[in-house]
Amino acid sequence: MCKYCDYSIPMDPASYVPTLAGILALLIAYKVFRFIRSPKQRKGRKLPEPRGALPFIGHLHLLNGRIPYFRTFSAMAEKYGPVFCVKLGCHPTIVVNNREIAKECLTTNDRVFASRPNTSAGRLMGYNNAVFGLTPYGDYWREIRKVAVLEILSIHRLEKQKHVRDSETLSLVKDLYSSMAVSSAKNVKGSNEVAISNLLEHMTFNIIVRMIAGKRFGGDTVNQEDNDAWKLRKAIKDVTYLSGVFVVADAIPSLSWFDFQGHLSFMKRTAEKLDIILERWLQEHVEMRGEKKNGGCERDFMDVMLSSFEDQEDICGYKRETVIKATSLVRLLSIFNNRCNN
């Protein structure tokens with residue numbers, strides 16, 4: 001009998017036996033079910049994996065810098081099949097060496113493989129992955145891609161800036177004519193040599209910066225290292241190089257504090273140089289639009305982006321200024337690299 005109430009409390013342990021037996025039976029059944037089913041399920045889903053994986057680094061030691069990676073993976077595919085898994089540090093990575101399977105991944109299941117890894121280059125040089133070429137697949141990527149396709153890269157926008165390409169091509173012809181005249185005056189034998197590659201690079205660079213920010217840089221500078229043109233071109237080349245280097249911290253995040261390669265500090269310095277130039281250009285555009293009460297004309301990509309995000313201070317977690325600078329940067333990189341490679 002309980003001291004504070006008028007009903008009896010059963011104290012016989014035998015009364016709990018049925019309940020405990022039921023719980024124990026359920027646990028045993030669950031364990032047996034997992035023991036029987038799990039191996040079959042894992043066996044059906046598990047991809048073949050090359051031998052020799054080490055703790056922390058995985059299969060990185062099998063990737064020899066002297067041998068192209070595609071040859072190493074091709075040799076592995078002959079041994080383990082067209083689809084296998086390698087561990088790049090702590091990241092399991094699927095390698096596909098079959099045309100039909102690759103087509104299946106990039107068409108039918110493209111949304112599954114549409115995202116991008118979170119790399120040091122994207123965080124440090126891409127405004128914390130605000131560059132839509134490096135940002136993971138999601139709402140932000142879809143929003144910026146829509147703006148880029150409809151507002152920035154549309155045929156209408158490109159036609160409106162046709163005069164930029166025409167005027168820079170005319171400037172190239174004039175510079176080429178002047179260079180040949182100077183060369184002819186110095187060489188009496190009549191053999192004239194002109195470094196046309198430098199003139200083409202200068203024309204390409206001016207087309208890019210005029211389309212992005214309405215800027216143009218002359219070819220004659222007394223001290224190249226002190227002007228924006230030289231700094232921007234060098235910074236873009238550094239970004240291109242750093243985007244392709246192997247960073248240990250990307251494979252083994254626990255070593256991110258130890259920058260023994262020097263790549264992370266190099267990325268930070270390069271990002272700072274680029275941001276100074278892009279920030280100055282953006283502020284000039286904002287001030288110019290502020291002086292013109294009607295919002296100003298859309299002369300270049302920065303003007304178009306300012307108009308597109310005029311009523312938005314925040315775009316999916318990123319500030320408007322950050323998005324504009326990041327999008328301008330990826331346009332600079334993509335156009336500059338494509339033109340130079342061609």
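The values are calculated or read from the model by the stated rules, or taken from the named source; none is laboratory data. None of the values given here were measured: they were computed from a predicted structure. Please note: Cβ atoms are built from the backbone with ideal geometry, for glycine as well, and neighbour counts cover all protein chains shown.
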Just a yes or no: is a residue in segment 133-144 assigned to a loop (DSSP other than H, G, I, E, B), touching a Lys or Arg at 6+ places or on another chain (Cβ under 8 Å) and surrounded by fewer than 17 Cβ atoms within 10 Å (Cβ to Cβ)? yes
Which ones in segment 52-83 are buried (at least 16 other Cβ atoms within 10 Å of the Cβ) and among the aromatic types (Phe, Trp, Tyr)? 73, 80
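For the structure I just gave you, tell me whether residue 239 is in a loop (DSSP other than H, G, I, E, B) and either under 16 Å from residue 119 (Cα atoms) or at pLDDT 90 or above (or both). Working first, answer last.
Numbers: in a loop (DSSP other than H, G, I, E, B): no; either under 16 Å from residue 119 (Cα atoms) or at pLDDT 90 or above (or both): yes.
Considered against the rule, which asks whether it is in a loop (DSSP other than H, G, I, E, B) and either under 16 Å from residue 119 (Cα atoms) or at pLDDT 90 or above (or both), residue 239 comes out as no.
Can you tell me how many residues within segment 60-108 are under 24 Å from the mean Cα position of the chain (by Cα), within 18 Å of residue 251 (Cβ to Cβ) and either among the small types (Gly, Ala, Ser) or not in a helix (DSSP H, G or I) (or both)? Please lay out each step first, then the result.
Narrowing segment 60-108 to residues under 24 Å from the mean Cα position of the chain (by Cα): 60, 63, 65, 68-70, 73, 85-97, 102-108.
After this cut, where a residue has to be within 18 Å of residue 251 (Cβ to Cβ) as well, the list is 60, 63, 65, 69, 73, 85-95.
Those left that are additionally either among the small types (Gly, Ala, Ser) or not in a helix (DSSP H, G or I) (or both): 63, 65, 85-95.
Residues in segment 60-108 being under 24 Å from the mean Cα position of the chain (by Cα), within 18 Å of residue 251 (Cβ to Cβ) and either among the small types (Gly, Ala, Ser) or not in a helix (DSSP H, G or I) (or both): 13 in total.
Can you find even one residue in segment 297-306 that is part of a loop (DSSP other than H, G, I, E, B), basic (Lys, Arg) and modelled with pLDDT under 90? Steps first, answer last, please.
First, pick out the residues of segment 297-306 that are part of a loop (DSSP other than H, G, I, E, B): 297-300.
Applying the additional criterion that residues be basic (Lys, Arg) yields 299.
Checking which are modelled with pLDDT under 90 leaves us with 299.
So far as segment 297-306 goes, yes, one or more of its residues are part of a loop (DSSP other than H, G, I, E, B), basic (Lys, Arg) and modelled with pLDDT under 90.
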Any residue in segment 171-193 that is among the aliphatic types (A, V, I, L, M) and surrounded by 12 or more Cβ atoms within 10 Å (Cβ to Cβ) sitting within a Cβ distance under 6 Å of a residue that is at pLDDT 70 or above and in a loop (DSSP other than H, G, I, E, B)? List the pairs, counting only those 6 or more apart or interchain. 180/194
Given (1) within 18 Å of residue 131 (Cβ to Cβ); (2) at pLDDT below 90; (3) surrounded by fewer than 17 Cβ atoms within 10 Å (Cβ to Cβ); (4) not aromatic (Phe, Trp, Tyr), residue 276 misses just (2)
On the basis of being farther than 26 Å from residue 140 by Cα and either part of a strand (DSSP E or B) or not acidic (Asp, Glu) (or both), does residue 112 make the cut? no
